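To keep things clear, I will list the structure first and then write my remarks on it.
Every number here is computed from the coordinates shown, using simple stated rules; none is lab data. Nothing here was measured: the structure is a model prediction, and the numbers come from that model. Positions of Cβ are generated from backbone atoms using ideal geometry, with glycine treated the same way; all protein chains shown enter the neighbour counts.
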């Protein structure tokens, strides 16, 4: 083999990720996250956290869904594999914030996730008239829609 061919092969392998860093796997948590277990009484009005970045019809609108079927849209949203935070809009003087993390990576809709294994954990905080009225550390399970 010529030196030129060897250099070209090394460059090709390096750019393909064969040498050096492993390629990052895709992360896509789109779907609904339901509280695992019973929530505390002061957060019992929460139904689900809905992520739907691709605006798929099979998934609910993005936001925090309440048991009253109202959805508080995200005002601020940050979704990465390492961190998930949001703040909702205010509706009837009520808003929520969340700071947490995903417990696993991958494409959630393609994974075989059950409704008993938490995939998200963090602190959900409820505000009324801008004042904190409830807060709890919660775990959530995944539902990818029908």
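For the pair residue 121/residue 66, report the inter-label distance in nm, with labels modelled 7 Å from Cα in the Cβ direction.
Placing both labels 7 Å along Cα→Cβ, they lie 2.9 nm apart.
What's the center-to-center distance, using Cα atoms, between region 28-55 and region 58-78 in Å?
9
Could you tell me the calculated FRET efficiency between residue 136 and residue 112, based on Cβ-Cβ distance and R0 = 30 angstrom, to the nearest 0.05?
0.55
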